[in-house]
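Derivation of every value follows stated rules applied to the coordinates shown; laboratory data play no part. Just so it is clear, the model here is predicted, and its values are computed rather than measured. Virtual Cβ from ideal backbone geometry, glycine too; neighbours counted across all protein chains shown.
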């Protein structure tokens, strides 16, 4: 990349762009959206290579997708918060058993109805599962698997045997 303003600063490999570079990247994306080719964009905006124009457009698209994704995620989390609050209200409320339009009592004490409480608990669990998926908390973990040469040979022999059948 020949753009000195987009070179990494520090040892962490992160690119720090100046306002000028960010504006030029945005202009490159705008021109690309109008059907301009990368060589033409590079010539227009003073990039040294076609690849620099391509990378500028790529940076803008990546940032746009990331920002939009973060906005949607925040909106979904707010919705889940509202749903959770409503389910908690149901959970905390006192529920009595009703039959034929009348409260069922035992020794003149209203008989509690656990159905709405259990339904609220189920709903809260679904909300928690959705939140965990949205935040990536349930993402699979990577595992390194090493196959010894002996096991690789056994797998290959089994595959050959299955292929013959």
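With r as the distance between the Cβ atoms of residue 64 and residue 132 and R0 = 30 Å, compute the FRET efficiency 1/(1 + (r/R0)^6) and round to 0.05. Don't skip to the end; give the middle numbers.
Working: r = 27 Å, r/R0 = 0.89.
According to the calculation, E is roughly 0.65.
Just want the ordering: 98, 117, 60, from fewest to most Cβ atoms lying within 10 Å of their own Cβ. Numbers along the way, then the final one.
Numbers: 98 12, 117 16, 60 19.
So the residues, fewest neighbours to most, are 98, 117, 60.
Of (1) 18.0; (2) 23.0; (3) 16.4, which is the value of Kirkwood radius over Cα pairs in Å derived from the coordinates here?
The calculated read-out lines up with (2).
Please give the length that would be gained between residue 78 and residue 18 if that part of the chain were fully extended, namely 0.36 nm times their separation in residues minus their C-alpha to C-alpha distance (nm, one decimal).
Details: separation 60, 0.36 × 60 = 21.60 nm, distance 3.33 nm.
Full extension from residue 78 to residue 18 adds 18.3 nm.
List the relative contact order of region 53-161 as a percent without decimals, with contacts defined as Cα pairs under 8 Å and 6+ residues apart. Could you put the intermediate results ahead of the total?
On the way: 48 pairs, mean separation 23.1, N = 109.
Relative contact order comes out at 21 percent.
Mind checking the full-extension length gain between residue 141 and residue 48? Use 0.36 nm per residue of separation minus the Cα-Cα distance, one decimal, nm.
On the way: separation 93, 0.36 × 93 = 33.48 nm, distance 4.17 nm.
Extra length from residue 141 to residue 48 when fully extended: 29.3 nm.
Within 10 Å of each residue's Cβ, count the other Cβ atoms and sort 19, 83 from fewest upward. Don't skip to the answer; put the middle values down first.
Working: 19 8, 83 16.
Placing the least packed residue first, the sequence is 19, 83.
For the chain, set up a GNM with springs between Cα atoms under 10 Å and report which of 132, 86, 154 has the largest fluctuation.
Among 132, 86, 154, the largest mean-square fluctuation in the Gaussian network model of the chain belongs to 154.
Where is the GNM fluctuation largest for the chain (alpha-carbon springs, 10 angstrom cutoff): 153, 87, 43?
153
Top mean-square fluctuation among 79, 24, 102, Gaussian network model of the chain, C-alpha springs under 10 Å?
Among 79, 24, 102, the largest GNM mean-square fluctuation belongs to 102.
From the helices alone, meaning DSSP H stretches of at least four residues, give me the mean residue ellipticity at 222 nm for the chain, per-run term -39500 (n - 2.57), in deg cm²/dmol to the nearest 500. Mind dumping the intermediate values first?
Details: 5 runs with 103 residues, N = 165.
Estimated from H runs of four or more residues: -21500 deg cm²/dmol.
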